[in-house]
Amino acid sequence: MLKNALTNHLDYKLALVLAALFWAPSSSSNELPTAIEWQSPSYIQKAFNEIALKNEYRKTQQRIIKWQKPILYKFVYHNLPQNSVVESLFNQHLQHLQTITQHSIQLVSNKQQKPNLLIHLTQDVDYGRIIQQVSKSRVKNIERESNCMGSFALNAQNQIEQAVVIIPVDHVYSRGLLVACIVEETTQVMGLPNDSDWVNPSIANDASRIELLTGLDYLLLKILYDSNLKAGMPLSQSQPIIKKIISDLQKNHQIKNAQHEVNKTGLYPLLN
């Protein structure tokens, strides 16, 4: 037991050191809208519609998509040894997502459990092959256009049934993108699949250098996993419900305190 405890402690410290080495700081304040702008109910609803109801790779029907079943995740290695640092960072962020959404997200702990989120860790040389093997992506040249990727499959009710995240570990290490890839891809497969250069501050903004969840990302996740918002809801049905959720968040001071709340757990204690 002492040996295991010591190993876990060393893994955590190593994750801290490596994350600090490879993590790039967030955007400077002059690139971001003021708190008053992104905390306004109209801005939040517009941002939610942009990130949750659209997709960067294809046209959508603008219906709500989210998980209904508990998420069970597993790491899959392709010509790589097990990497406790990468796993620690994933575990930390996924538990953060669970805390925010209150949706169960657990690491597969035995052979009887069937994972529905597979995290594929590979080398850059195998990245394109693994994408085609496990995601069946139809996006042309996606291995050259992306540093990492995530995708999911829906059932007839627009519930997410399965998802994959693919990380070419050597590539993202060399470019300081490990943290960004972990945070963005796992957050997107929760049901926030789009990127947008005007939604700010957010990890969904590829034009910025934001790499950790922001207060706005926190609110988008809270809205998506509110029990009143159901998978499959069309745009016309979802809008008044989203507006009511945002109003409740404002009344409960969760909008005002969003950045403070998101900073308390997840990867923030590691990196800040």
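Checking each residue of segment 23-37 against the condition of being in contact with a helix residue (DSSP H, G or I) (Cβ under 9 Å, 6 or more places away or on another chain), surrounded by 12 or more Cβ atoms within 10 Å (Cβ to Cβ) and modelled with pLDDT under 50 gives no match.
May I ask you to say which residue of D217, D206, D226, D170 is at pLDDT 95 or above and within 30 Å of N79 (Cβ to Cβ)? Please lay out each step first, then the result.
On the way: D217 fails: within 30 Å of N79 (Cβ to Cβ); D206 fails: at pLDDT 95 or above; D226 fails: within 30 Å of N79 (Cβ to Cβ).
Going through D217, D206, D226, D170 in turn, just one is at pLDDT 95 or above and within 30 Å of N79 (Cβ to Cβ): D170.
Among the residues of segment 36-69, those that are over 16 Å from the mean Cα position of the chain (by Cα) and farther than 18 Å from I223 by Cβ comprise I36, Y57, R58, K59, Q61, K69.
Scanning segment 235-272 for residues that are over 17 Å from the mean Cα position of the chain (by Cα) and polar (S, T, N, Q) yields S236, Q237, S238, Q239, S247, Q250, N252, Q254, N257, N272. Scanning segment 52-66 for residues that are of a type outside the set (S, T, N, Q) and outside any helix (DSSP H, G or I) turns up L53, K54, E56, Y57, R58, K59, R63, I64, I65, K66.
Among residues belonging to segment 38-61 that are modelled with pLDDT under 85 and not basic (K, R), point out the one that is farthest from T187 (Cα to Cα). Full working, then the answer.
Initially, segment 38-61 is screened for residues modelled with pLDDT under 85, giving 56-59.
Cutting the leftovers down to not basic (K, R) gives us 56-57.
Details: E56: 14, Y57: 17 Å.
Out of the qualifying residues, it is Y57.
Tell me the residue from Q61, Q82, Q92 that is out of contact with any His (no Cβ under 9 Å at 6 or more places or on another chain) and under 30 Å from P240 (Cβ atoms), please. If you could, list the steps in order and put the result at the bottom.
Working: Q82 fails: under 30 Å from P240 (Cβ atoms); Q92 fails: under 30 Å from P240 (Cβ atoms).
Of the residues listed, the single one that is out of contact with any His (no Cβ under 9 Å at 6 or more places or on another chain) and under 30 Å from P240 (Cβ atoms) is Q61.
Quick check on segment 213-233. Is at least one of its residues surrounded by 24 or more Cβ atoms within 10 Å (Cβ to Cβ) and small (G, A, S)? Checking segment 213-233: not a single residue is surrounded by 24 or more Cβ atoms within 10 Å (Cβ to Cβ) and small (G, A, S). The single condition among (1) aliphatic (A, V, I, L, M); (2) under 15 Å from W38 (Cα atoms); (3) within 11 Å of the chain's Cα centre (by Cα) that V183 does not satisfy is (2). Considering only residues in segment 160-172 that are in contact with a helix residue (DSSP H, G or I) (Cβ under 6 Å, 6 or more places away or on another chain) and more than 30 Å from R63 (Cβ to Cβ), the one that is surrounded by the most Cβ atoms within 10 Å (Cβ to Cβ) turns out to be P168.
For (1) surrounded by fewer than 17 Cβ atoms within 10 Å (Cβ to Cβ); (2) within 16 Å of I71 (Cα to Cα); (3) in contact (Cβ under 8 Å) with a residue 24 or more places away in the chain; (4) not polar (S, T, N, Q), each residue gets a yes or a no:
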position: L94; (1), (2), (3), (4): no, yes, yes, yes
position: H103; (1), (2), (3), (4): no, yes, yes, yes
position: N110; (1), (2), (3), (4): yes, yes, no, no
position: L121; (1), (2), (3), (4): no, no, yes, yes
position: V125; (1), (2), (3), (4): yes, no, no, yes
position: Q132; (1), (2), (3), (4): yes, no, no, no
position: K136; (1), (2), (3), (4): yes, no, no, yes
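In the condition set (1) in contact with a Gly (Cβ under 9 Å, 6 or more places away or on another chain); (2) farther than 21 Å from L219 by Cα; (3) not hydroxyl-bearing (S, T, Y), E185 is compliant with all but (2). Would you confirm, using the coordinates I've provided, whether E145 is among the charged types (D, E, K, R), within 22 Å of A204 (Cβ to Cβ) and either touching a strand residue (DSSP E or B) at 6+ places or on another chain (Cβ under 8 Å) or without any contact (Cβ under 8 Å) to a residue 12 or more places away in the chain (or both)? So E145 passes the test.
Residues in segment 235-272 that are surrounded by fewer than 19 Cβ atoms within 10 Å (Cβ to Cβ) and either touching a His at 6+ places or on another chain (Cβ under 8 Å) or aromatic (F, W, Y) (or both) were compared, and the one that is modelled with the lowest pLDDT is Y268.
Of the helices (runs of 4 or more DSSP H) lying entirely inside segment 67-159, those containing at least 1 residues that are at pLDDT below 95 and either of a type in the set (G, A, S) or farther than 23 Å from Y57 by Cβ (or both) are 84-101, 127-134.
The values are calculated or read from the model by the stated rules, or taken from the named source; none is laboratory data. This is a predicted model, so every value here is computed, not measured. Reconstructed Cβ throughout: ideal geometry from the backbone, glycine too, with neighbour counts over all protein chains shown.
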